[in-house]
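The values are calculated or read from the model by the stated rules, or taken from the named source; none is laboratory data. Nothing here was measured: the structure is a model prediction, and the numbers come from that model. Using ideal geometry, Cβ is built from the backbone for each residue, glycine included, and neighbour counts are taken over all protein chains shown.
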Amino acid sequence: MALNKQSHDMQKVMLVGAIGAGKTSLIHTLQKDVRSAEKTQSIQFSDGAIDTPGEYAQIPRFYSALMTTAMQASVVVVVQDATNLKVTLPPGFAGMFSRPVIGVVTKVDAPGIDRDKAKSRLMEIGVKEPIFFVSSRTGEGIEELIAHFGEGRCNS
């Protein structure tokens, strides 16, 4: 299983996405960490995960830091908040990474979300299948995401 502290063959995942997309909360959920998420101020490395501040994805001058850091990951996970569908990342953004890229739509438990539009936002920035729909609060979709990492399919 990815992000499991006991695993010796972990996939290292790097999460990128806009400010408030739920990257840190998702990492905590995957690691079964009950701490509340706090604002990520710098790139954080922990137990198979690389957490990046939303500013790094939204401010082009930080792109080189993301590209360099991605070299330490097995897969890049681009996170899209289902409750905030404004365009925050440029078309083709996912193409800058030399690692496999998957998409995760977070906060799918929120009322009135549009899953198709959230998926469309990810595809506009260059994310291809697979795209997972998850809720860090309810656990929806988390097992499927863990299974994807656990099966070593980070090269999708």
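Of these, Ile113, Ile102, which one is surrounded by 12 or more Cβ atoms within 10 Å (Cβ to Cβ), within 17 Å of Ala18 (Cβ to Cβ) and touching a His at 6+ places or on another chain (Cβ under 9 Å)? Before you say what the answer is, go through the steps one by one.
On the way: Ile113 fails: touching a His at 6+ places or on another chain (Cβ under 9 Å).
Only one candidate passes the filter, namely Ile102.
Which of the following residues is in contact (Cβ under 8 Å) with a residue 40 or more places away in the chain, out of contact with any Lys or Arg (no Cβ under 6 Å at 6 or more places or on another chain) and not hydrophobic (A, V, I, L, M, F, W, C): Gly112, Gly103, Gly139, Gly126?
On the way: Gly112 fails: in contact (Cβ under 8 Å) with a residue 40 or more places away in the chain; Gly103 fails: in contact (Cβ under 8 Å) with a residue 40 or more places away in the chain; Gly126 fails: in contact (Cβ under 8 Å) with a residue 40 or more places away in the chain.
Matching residue, one of Gly112, Gly103, Gly139, Gly126: Gly139.
So Ala147 passes all but one of these: (1) over 16 Å from Ile19 (Cβ atoms); (2) touching a Ser or Thr at 6+ places or on another chain (Cβ under 9 Å). Which condition number does it fail?
Evaluating Ala147 over (1) over 16 Å from Ile19 (Cβ atoms); (2) touching a Ser or Thr at 6+ places or on another chain (Cβ under 9 Å) leaves (2) as the failure.
Within region 63-89, how many residues turn out to be at pLDDT 95 or above, among the hydrophobic types (A, V, I, L, M, F, W, C) and surrounded by fewer than 19 Cβ atoms within 10 Å (Cβ to Cβ)?
The qualifying residues number 3.
Rundown of residues vs (1) closer than 20 Å to Lys12 by Cβ; (2) more than 15 Å from the chain's Cα centre (by Cα), yes/no style:
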{"site": "Ala94", "(1), (2)": "yes, no"}
{"site": "Phe97", "(1), (2)": "yes, no"}
{"site": "Pro100", "(1), (2)": "yes, no"}
{"site": "Ala118", "(1), (2)": "no, no"}
{"site": "Arg137", "(1), (2)": "no, yes"}
{"site": "Glu144", "(1), (2)": "yes, no"}
{"site": "Gly150", "(1), (2)": "yes, yes"}
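Evaluate region 120-129: report whether one residue or more is buried (at least 21 other Cβ atoms within 10 Å of the Cβ) and over 20 Å from Val13 (Cα atoms).
Within region 120-129 (the criterion being buried (at least 21 other Cβ atoms within 10 Å of the Cβ) and over 20 Å from Val13 (Cα atoms)), the answer is yes, since at least one residue qualifies.
If you scan region 44-62, which residues turn out to be closer than 14 Å to Met14 by Cα and either modelled with pLDDT under 90 or among the acidic types (Asp, Glu) (or both)? Working first, answer last.
First, pick out the residues of region 44-62 that are closer than 14 Å to Met14 by Cα: 44-54, 56-57.
Of everything in region 44-62, those that are closer than 14 Å to Met14 by Cα and either modelled with pLDDT under 90 or among the acidic types (Asp, Glu) (or both) turn out to be Gln44, Ser46, Asp47, Gly48, Asp51.
Please state which one of Ile50, Ile146 is assigned to a strand (DSSP E or B) and either surrounded by fewer than 18 Cβ atoms within 10 Å (Cβ to Cβ) or among the aliphatic types (A, V, I, L, M) (or both).
On the way: Ile146 fails: assigned to a strand (DSSP E or B).
Selected residue: Ile50, the only one of Ile50, Ile146 that is assigned to a strand (DSSP E or B) and either surrounded by fewer than 18 Cβ atoms within 10 Å (Cβ to Cβ) or among the aliphatic types (A, V, I, L, M) (or both).
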